[in-house]
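Participant: The structure under discussion is supplied below as structure tokens; questions concerning it will follow.
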Amino acid sequence: MLYTLDSTMHYSLVLFLVFGLHQTLRAAQMDKLGDYKLCGDPECSYVMSMATALDDFIAPDCRFINLKKEQMVYVYSKLVPEEGAGVFWSGSVYSERYVDQMGIIGYFPATMVNETKKFQEDTVKIPTTDMDFYCH
């Protein structure tokens, strides 16, 4: 009887680990927020500008980042708004106080920030891809 109990527990643990890891490693594709984006370079790898958060913003899903009032934000791209859609930019936050958020790139409403310094005057309009809106 003890052998059966151990085997059952072992089997349950294996199933839990397999399905648990599968769920963790799976990414989710979310709806696109726009078909085109403006970037400072064709790869959208350069910071276009710096901005300051005007108020707190809580990310509604994994495509977005949280902002804290007066937090500095590096802007990497600006989605070209579609008719009836909001204007979203992508970027990452800089904050010595909220170190856990640094390096995470996500979207936020352009109305939540004040652009303070432009690094790239010339922009490149490129199509967005499904990967632009993937949640990891």
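Participant: S90's amide H: which non-local residues (gap 5+, or another chain) put their own amide H closer than 5 Å, with H modeled 1.01 Å from N in plane and none for Pro or chain starts?
Facilitator: Placed amide hydrogens put Y76, S77, K78, L79 under 5 Å from S90.
Participant: How would V93, V47 rank on accessible area, largest to smallest, probe 1.4 Å? Write out the running numbers ahead of the final one.
Facilitator: Values: V93 5, V47 35 Å².
Output order, biggest surface exposure first: V47, V93.
Participant: Tally Lys and Arg at +1 and Asp and Glu at -1 over the other residues with C-beta under 13 Å from the C-beta of L54: what net charge comes out?
Facilitator: Result for the local shell: -2.
Participant: Which pairs in the list K32/K69; K69/K125; K78/K125 are over 21 Å apart, alpha-carbon to alpha-carbon? Before the final figure, lay out the partial values.
Facilitator: On the way: K32/K69 27 Å; K69/K125 30 Å; K78/K125 9 Å.
Exceeds cut-off: K32/K69; K69/K125.
The values are calculated or read from the model by the stated rules, or taken from the named source; none is laboratory data. Keep in mind the model is a prediction, meaning the values are calculated, not measured. Note that each Cβ is placed from the backbone with ideal geometry, even for glycine, and that neighbours are counted across all protein chains shown. Surface accessibility is based on the protein's heavy atoms, side chains included, excluding ligands, DNA and RNA. Shrake-Rupley method; radii C 1.70, N 1.55, O 1.52, S 1.80 Å.
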